[in-house]
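Single-structure report; data block below.
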Amino acid sequence: MTADMAKITPCAELIQTSVDNELVMMDVSSGDCFGISGVGTRIWEMLDGKQSLNDVVSKVCSEYDVSEDVCRRDVEEFIARLFELKLVKYS
């Protein structure tokens, strides 16, 4: 299975809440806090262990006025950063 088709899910060690249209998360194991806003919040909502990168790109393209090329690049960069921060994993 390619990374484009693998399902992505948040790491279990996160707690989250919404504050002023921003998603605020804390990694319970490290105590690190993170904030996501705008389209990033919508992308995060889709990372439920049932959606692949391809699924997320398709949904973002259908919900926002953006070309598929630009959308894919931006979603890939955002999700790559989430992996770097150990906020998501492949399910």
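Rounded to the nearest 20, the size of the Cβ-charge dipole of the chain about its Cα centre is 300 debye, with Lys and Arg at +1 and Asp and Glu at -1.
Cα axis of helix 53-63 to longest principal axis of the chain: angle in degrees, 0 to 90, nearest 10? Approximately 80 degrees, to the nearest ten. What the Cα atoms of the stretch 40-90 give is an Rg and a Dmax of 10.3, 29 Å. Shown is the FRET efficiency for S58 and A12, computed with R0 = 22 Å from the Cβ-Cβ distance and rounded to the nearest 0.05: 0.25.
Per-residue ellipticity at 222 nm, computed for the chain from helices alone with -39500 (n - 2.57) per DSSP H run of at least four residues, works out to -12500 deg cm²/dmol. The count of lysine pairs in the chain with alpha-carbon distances below 15 Å, taking only pairs 8 or more places apart or on different chains, stands at 5.
Scale the Cα Rg of the chain by the rule-of-thumb value 2.2 N^0.38 Å and send over the ratio, two decimals.
Taking the Cα Rg and dividing by 2.2 N^0.38 Å, one obtains 1.06.
Every read-out reported here was derived from the displayed coordinates using simple, explicitly stated rules and does not represent laboratory data. Values in this document were obtained by computation on a predicted structure and should not be read as measured data. As a convention, Cβ positions derive from the backbone with ideal geometry for all residues, glycine included, and neighbour counts pool all protein chains shown.
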